[in-house]
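Data block below; observations after.
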Amino acid sequence: MDLVKVIEEARQGNKEAFGLLYSAYRLKMKGVCIKILKEEKDDVDDICHNALPVEM
């Protein structure tokens, strides 16, 4: 995967490219959210889910 190309395509609105990025980095994103929210783990899944575009 050419990460630069995928990022650029996602920035241009390509939902498939965004989905690839989400899939590749969702666990890291979840880890960051857990560190920020500390004890609010129920909110973490909501925040990570809300990162997805509505039409995916």
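The values are calculated or read from the model by the stated rules, or taken from the named source; none is laboratory data. This one's a predicted model, so the numbers in the text were calculated from it and none came from an experiment. No Cβ is skipped: glycine too gets one built from the backbone with ideal geometry, and neighbour counts run over all protein chains shown.
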* To do: Tell me which of these Gly13 doesn't satisfy, since it passes every other one: (1) of a type outside the set (A, V, I, L, M); (2) at pLDDT below 85; (3) not in a helix (DSSP H, G or I).
  => (2)
* Consider only pairs whose beta carbons are under 6 Å apart and that are at least six residues apart or on different chains; among these, list those whose first residue lies in segment 19-41 and is under 13 Å from Leu3 (Cα atoms) and whose second residue is surrounded by 13 or more Cβ atoms within 10 Å (Cβ to Cβ). => Leu20/Val6; Leu21/Ala10
* **Every residue from segment 25-51 that is in a helix (DSSP H, G or I), within 8 Å of the chain's Cα centre (by Cα) and among the aliphatic types (A, V, I, L, M)** => Met29
